[in-house]
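> Please read through the structure below; I'll follow up with questions.
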Amino acid sequence: MTTLPTSTDKKLGLVIDLDTCVGCHACVVSCKGWNTENYGAPLSDQNAYSGAASGTFLNRVHSYEVQPADKAAQLIHFPKSCLHCEDAPCVTVCPTGASYKRVEDGIVLVNEKDCIGCGLCAWACPYGARELDAEEKVMKKCTLCVDRIYNTNLPEEDRQPACVRTCPAGARHFGDLGDPDSDVSQLVAERGGFDLMPEQGTKPVNKYLPPRPKDVEPEFDILAPYLEPIATDGKGFVGWLDKALSALPGGAK
Amino acid sequence: MHPAPSVIIFTTFSGLGFGLLFWLGIDATAPTGWVAFVFFAIAYLMAVGGLVASTFHLGHPERAIKAFSQWRSSWLSREGIAAVFTLLIMALYGAGLVFFGAQWSPLGWLGALGALATVFTTSMIYTQLKTVPRWHHWTTPALFLALSLGGGALLSGRVTVALVLLLVAAAVQIAAWYFGDTRLKASGTSLASATGLGGIGEVRAFEPPHTGTNYLLKEFVHVVGRKHATQLRLITLLLAFAVPIAILLLGVNHITALLAVVSHIAGVLCLRWLFFAQAEHVVGLYYGKR
Ligand code: SF4
Ligand code: SF4
Ligand code: SF4
């Protein structure tokens, strides 16, 4: 049924730390690796070895430059996968019932056997979290690694999403965002986690942690005052050198 | 949005076909026999042809039957049901007129209602999308209905009605363009809200997630041809509305009526191309595009 549950027992999702993400794309690769071999149809590539390569990914990392008014620009790496929205527009538009949101944990999934590949759910998602696989012609999206997190065949430390397990910077966290006492909820509260495009009314479960303000280097070297740069209004030898070089043809004035 | 030929053909011809079915359904003195056969054949060719074209963009058309199941939440599902219902009812009504010379009016009224419902549900598939601010507006259903009824009236030879409805449709289209051009901005969705980084400073897309293209860019970020939008809008107004209206005003015979219809159809195809090609999906913002 593509009507949404009024509430879910848990709200499993990810918390992504924009402060610590180094933009290494390890989560992109591990996500593709795990999900092409497990849940549902594989994630195909087209023209993988040509200049026109493209393929299906459930997680992609953008990079943005942010220019504050009075400080140096910042580069922010920005991983993005399905946000498992509470008010998921992708689910309600689906004509077949292939898209659904699970009552037990809030994960948004596609039952690929029912999917007709109409693409309307991808139209309805503001975040670009759904991609129609060009080979299998069914809709693919992040499963929150539903086949890992409950998988008792895996060692306990591996029962988390592949992207979270792989991230070398610890920038991705997995947990129940419906439980205010969970580690992820605490993290969101502490760091001021926010929603993407709140005005779209999707109520995303996944949260993003803002980059921390850049430190201002304190003056700590007691020798620093003695190492002041050479005065611009040079006197003596430096002054003579400055004038002499400027006087040469093409010399800086 | 990518202006796929299948959806352009679908929305144009189905709209016209169901519009014609509407007028046949409410006609107090509906044609019978051969004349009725020709009208119904045209209507079904357009309505069904359009629906068939729409299945060309499905990844798995063989499962299309499943699309009738989610009418509780999905406008696409509702559209499918409305279309099949209308086609079945109007087939019965048409059979009465063609083969028995009998007009079963209540069936016609029901079918006409179904035709309206079909066009309305089609328009709501687009209107419901908050992600495409240009479409998320009252002008979308208004335009779909006005075009369908106006085009249907033109096809069924109702001169005065067609004249009024085409004028209305032209006005609604101009309004849709006027409001549409500022809808993305007015929606409040921007790269700043998409990334949540606007509080720090000006956000600029620095590097995309991949070197090549992807499904999202192909499907949602269509910029090719947008630069010809102004010329295409004029061509649309001319073909879809001005030429047929002028012909209707000057008086119609069989040849000019055909000319009016052909011009109108060409104009609506153009209009629908613009409808898709000019629609900005908010996901483009993540790529620094629109
Ligand atoms: S991020 Fe997109 S695909 Fe995921 S639940 Fe939200 S709307 Fe649906
Ligand atoms: S592409 Fe598949 S999952 Fe998405 S709306 Fe269509 S049928 Fe549903
Ligand atoms: S949770 Fe799993 S499917 Fe989702 S982005 Fe991470 S690795 Fe990919």
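> Can you find a residue that is away from ligand 2 (no atom under 16 Å from the Cβ) and facing another protein chain (nearest Cβ under 8 Å) anywhere in region A:78-97?
Yes, the conditions are met somewhere in region A:78-97.
> Exactly one of (1) more than 12 Å from ligand 1 (Cβ to nearest atom); (2) farther than 30 Å from B:Ser69 by Cβ; (3) within 14 Å of chain B (Cβ to nearest Cβ) is unmet by A:Cys115. Its number?
(2)
> Now a separate question. Which of the residues that make up region A:192-211 are at the interface with another protein chain (Cβ under 10 Å from one of its Cβ atoms) and among the basic types (Lys, Arg)?
Answer for region A:192-211, where residues must be at the interface with another protein chain (Cβ under 10 Å from one of its Cβ atoms) and among the basic types (Lys, Arg): just A:Lys207.
> Would you pick out the residues in region A:17-69 that are over 21 Å from B:Leu217 (Cβ atoms), within 13 Å of chain B (Cβ to nearest Cβ) and surrounded by fewer than 18 Cβ atoms within 10 Å (Cβ to Cβ)?
Selection gives A:Asp19, A:Cys24, A:Gln67, A:Pro68, A:Ala69.
> Quick check on my filter: what residues within region B:212-240 are basic (Lys, Arg), at pLDDT below 90 and either within 30 Å of A:Met139 (Cβ to Cβ) or under 21 Å from the mean Cα position of the chain (by Cα) (or both)?
B:Lys218, B:Arg226
> Could I ask something else about it? Identify the residue in region A:118-168 that is among the basic types (Lys, Arg) and within 16 Å of ligand 3 (Cβ to nearest atom) and, among all such residues, is farthest from the other protein chains (Cβ to nearest Cβ).
Within region A:118-168, the match that is farthest from the other protein chains (Cβ to nearest Cβ) is A:Arg159.
> Also, I was wondering about something else. Could you grab me the full set of residues in region B:47-73 that are among the hydroxyl-bearing types (Ser, Thr, Tyr) and buried (at least 17 other Cβ atoms within 10 Å of the Cβ)?
B:Ser54, B:Ser69, B:Ser73
> Suppose we filter region B:56-74 for residues that are in a helix (DSSP H, G or I) and of a type in the set (A, V, I, L, M, F, W, C); how many remain?
Total satisfying the criteria: 4.
> Within region A:44-60, how many residues turn out to be under 19 Å from A:Lys137 (Cα atoms), aliphatic (A, V, I, L, M) and modelled with pLDDT under 95?
Selection size over region A:44-60: 2.
> Do you know which residues across region A:126-141 are within 10 Å of ligand 2 (Cβ to nearest atom) and hydrophobic (A, V, I, L, M, F, W, C)?
Once the filter is applied, which keeps residues that are within 10 Å of ligand 2 (Cβ to nearest atom) and hydrophobic (A, V, I, L, M, F, W, C), region A:126-141 yields A:Leu132, A:Val138, A:Met139.
> With under 18 Å from the mean Cα position of the chain (by Cα) and surrounded by fewer than 17 Cβ atoms within 10 Å (Cβ to Cβ) as the only criterion, which of B:Val268, B:Val262 stands out?
Residue meeting the stated conditions: B:Val262.
> State the number of residues belonging to region B:193-213 that are surrounded by fewer than 18 Cβ atoms within 10 Å (Cβ to Cβ) and without any contact (Cβ under 8 Å) to a residue 40 or more places away in the chain.
10
> Mind listing just one residue for me: the one in region B:116-157 that is in a helix (DSSP H, G or I) and of a type in the set (Val, Ile, Thr) and, of those, nearest to the other protein chains (Cβ to nearest Cβ)?
Ranking the candidates gives B:Ile125 first.
> Would you check if there is a residue in region B:5-26 being within 16 Å of ligand 2 (Cβ to nearest atom), within 12 Å of another protein chain (Cβ to nearest Cβ), more than 22 Å from B:Leu110 (Cα to Cα) and surrounded by fewer than 17 Cβ atoms within 10 Å (Cβ to Cβ)?
Yes, there is a match, as at least one residue in region B:5-26 is within 16 Å of ligand 2 (Cβ to nearest atom), within 12 Å of another protein chain (Cβ to nearest Cβ), more than 22 Å from B:Leu110 (Cα to Cα) and surrounded by fewer than 17 Cβ atoms within 10 Å (Cβ to Cβ).
> When both residues are 6+ apart or on different chains and their Cβ atoms are under 8 Å apart, which pairs have a first residue that lies in region B:49-64 and is farther than 19 Å from B:Ile81 by Cβ, and a second that is assigned to a loop (DSSP other than H, G, I, E, B) and more than 16 Å from ligand 1 (Cβ to nearest atom)?
B:His57/B:Ala4; B:Gly59/A:Ile116; B:Gly59/A:Glu136; B:Gly59/A:Lys137; B:His60/A:Ile116; B:His60/A:Lys137
> Still on this structure, please answer the following. Taking region A:61-79 as the region of interest, how many residues are without any contact (Cβ under 8 Å) to a residue 60 or more places away in the chain and under 21 Å from A:Cys142 (Cβ atoms)?
The total comes to 5.
> Residue check: is B:Gly180 within 14 Å of chain A (Cβ to nearest Cβ) and either surrounded by fewer than 18 Cβ atoms within 10 Å (Cβ to Cβ) or more than 30 Å from A:Leu18 (Cα to Cα) (or both)?
No: the conditions fail for B:Gly180.
> Can I ask one more? Just checking, does region B:61-83 include any residue being in contact with a helix residue (DSSP H, G or I) (Cβ under 9 Å, 6 or more places away or on another chain) and away from chain A (no Cβ under 14 Å)?
No, region B:61-83 contains no residue that is in contact with a helix residue (DSSP H, G or I) (Cβ under 9 Å, 6 or more places away or on another chain) and away from chain A (no Cβ under 14 Å).
> Condition check: within 9 Å of chain B (Cβ to nearest Cβ), out of contact with any Phe, Trp or Tyr (no Cβ under 6 Å at 6 or more places or on another chain), surrounded by 21 or more Cβ atoms within 10 Å (Cβ to Cβ) and of a type in the set (Gly, Ala, Ser). Does A:Gly106 satisfy that?
So A:Gly106 does not fit the description; no.
> What single numbered condition from (1) touching an Asp or Glu at 6+ places or on another chain (Cβ under 9 Å); (2) within 15 Å of ligand 1 (Cβ to nearest atom); (3) away from chain B (no Cβ under 13 Å) fails to hold for A:Leu14?
(1)
> Is there a residue being within 14 Å of another protein chain (Cβ to nearest Cβ) and either closer than 24 Å to B:Ser193 by Cβ or among the aliphatic types (A, V, I, L, M) (or both) anywhere in region A:171-184?
no
> Additional query: Please work out which one of (1) within 26 Å of B:Leu197 (Cβ to Cβ); (2) out of contact with any helix residue (DSSP H, G or I) (no Cβ under 7 Å at 6 or more places or on another chain); (3) modelled with pLDDT of 95 or more is the condition A:Ala73 fails and give its number.
For A:Ala73, the exception is condition (3).
> Going by what's in this entry, would A:Leu187 be described as within 16 Å of ligand 1 (Cβ to nearest atom) and more than 15 Å from the chain's Cα centre (by Cα)?
Judged against the criteria, A:Leu187 is not a match.
> Outside any strand (DSSP E or B), within 16 Å of ligand 1 (Cβ to nearest atom) and buried (at least 22 other Cβ atoms within 10 Å of the Cβ): is that true of A:His84 in this structure?
In short, yes.
The values are calculated or read from the model by the stated rules, or taken from the named source; none is laboratory data. Being a predicted model, the structure only gives us computed values, none of them experimental. Backbone-built Cβ (ideal geometry, glycine too); neighbour counts: all protein chains shown.
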